[in-house]
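Visitor: Quick one: this structure, given as structure tokens, is what I'll be asking you about.
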Amino acid sequence: MLKRIISGIIGIPLLIFIILQGGLVLYLGTMVVSLIGLYEFYQAMIFKKLNPLKGIGYGLSIIILSMFYADMDGKIIILSIFSAILLLSGIQLYNSKYTILDNSITLYGCVYVTIFLGHILLTDKLHNSFIIWLIFIIAWATDTFAYFGGYFFGNKKLCPSVSPKKTVEGAIAGIMGSMICCGIFGYIFLIEDILLVILVGLIGSIISQLGDLTASQIKRYVGIKDFGNIIPGHGGVLDRFDSILFTAPTVYYFFVLFMQV
């Protein structure tokens, strides 16, 4: 617990600084977290005797995040993915060491870690600079309230085959906590859209918990407890950002659709 507190004391101010700076600083911060997270994901897959092509994964991730930052046309991003698939297919044809599973894991890692996390950069470009904070408020309010809700009131298991400690009561507490925190934030910074902010707090919390369970399922599949140990008391980058991977696209597309309406 002490390690978690110390990591929070160091990590939270750093995160706040990066978000406040935005622009290039946010791009570089997202890049670092994405590449470390992708490395952890690929290392986890090695436990299942898979051989992800890390170089292609890292290269594609750098290209995609750079395109997100530069706000380039989506067709160029699709072209990059298509080119990566062509390259992976060529390698598979001429090197029997690699299989379709290896190629699939390589691309899945880029989507699951890099593209999902890259939506932080896209959210930063929305019409209101305060929206980006909702990604982290939803994810961490859900995590905190779910933990204490499960600790004090947990009885019925939520998904015992994947994460035995998670409970239905904890999940409900996480949703309520997310909505409350989003409501407070919305009242202070986004009062004109407070109902939408509370609604995204509800939807985002559900999807955030799905992200958490997805990461737990991956770890259980490969047979590891944590993705890494880079963050004392928390494990790896993916252990800390697992719910944010799903929350970032949720917040982004929620407000993109809202703005279109």
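The values are calculated or read from the model by the stated rules, or taken from the named source; none is laboratory data. Nothing here was measured: the structure is a model prediction, and the numbers come from that model. For neighbour counting, all protein chains shown are included, and Cβ atoms are generated from backbone atoms with ideal geometry for every residue, glycine included.
Visitor: Within segment 156-215, can you find the residues that are of a type in the set (D, E, K, R) and surrounded by 20 or more Cβ atoms within 10 Å (Cβ to Cβ)?
Guide: Lys166, Asp212
Visitor: Further, regarding this structure: From the list Leu28, Leu24, pick out the single residue that is hydrophobic (A, V, I, L, M, F, W, C) and over 18 Å from the mean Cα position of the chain (by Cα).
Guide: Leu24
Visitor: Could I ask something else about it? Among the listed residues Ser243, Ser216, which satisfies the condition of being under 15 Å from Thr144 (Cβ atoms) and in contact (Cβ under 8 Å) with a residue 24 or more places away in the chain?
Guide: After applying the criteria, what remains is Ser243.
Visitor: Now, a different point. Do we have Leu93 as out of contact with any Asp or Glu (no Cβ under 9 Å at 6 or more places or on another chain), part of a helix (DSSP H, G or I) and surrounded by 14 or more Cβ atoms within 10 Å (Cβ to Cβ) here?
Guide: no
Visitor: Please find, within segment 99-155, the residue that is surrounded by the fewest Cβ atoms within 10 Å (Cβ to Cβ) out of those that are over 18 Å from the mean Cα position of the chain (by Cα) and of a type in the set (S, T, N, Q).
Guide: Checking each candidate, the answer is Asn155.
Per-residue answers, yes or no, for (1) out of contact with any Gly (no Cβ under 9 Å at 6 or more places or on another chain); (2) touching a residue at least 24 places away in the same chain (Cβ under 8 Å); (3) part of a helix (DSSP H, G or I); (4) within 17 Å of Ile218 (Cβ to Cβ):
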| position | (1), (2), (3), (4) |
| --- | --- |
| Ile19 | no, yes, yes, no |
| Tyr27 | yes, yes, yes, no |
| Gly37 | no, yes, yes, yes |
| Gln43 | no, yes, yes, yes |
| Lys48 | no, yes, no, yes |
| Pro52 | no, yes, no, yes |
| Ser61 | no, yes, yes, no |
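Visitor: Let me ask another. Could you go through segment 121-129 and let me know if any residue there is farther than 15 Å from Leu50 by Cβ, part of a helix (DSSP H, G or I), small (Gly, Ala, Ser) and touching a residue at least 24 places away in the same chain (Cβ under 8 Å).
Guide: So in segment 121-129, the residues farther than 15 Å from Leu50 by Cβ come out as 121-129.
In the following step, the residues that additionally are part of a helix (DSSP H, G or I) were identified as 121-124.
Filter once more, so that each one left must be small (Gly, Ala, Ser): none.
No, every residue in segment 121-129 fails to be farther than 15 Å from Leu50 by Cβ, part of a helix (DSSP H, G or I), small (Gly, Ala, Ser) and touching a residue at least 24 places away in the same chain (Cβ under 8 Å).
Residue-by-condition table, conditions (1) at pLDDT below 95; (2) touching a Phe, Trp or Tyr at 6+ places or on another chain (Cβ under 6 Å); (3) within 20 Å of Ser129 (Cβ to Cβ):
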| position | (1), (2), (3) |
| --- | --- |
| Val200 | no, yes, yes |
| Ser205 | no, no, no |
| Val237 | yes, no, no |
| Tyr253 | no, no, yes |
| Gln260 | yes, no, yes |
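Visitor: Give segment 216-225 a look and list any residue that's buried (at least 16 other Cβ atoms within 10 Å of the Cβ) and of a type in the set (Gly, Ala, Ser), or say none.
Guide: Once the filter is applied, which keeps residues that are buried (at least 16 other Cβ atoms within 10 Å of the Cβ) and of a type in the set (Gly, Ala, Ser), segment 216-225 yields only Ser216.
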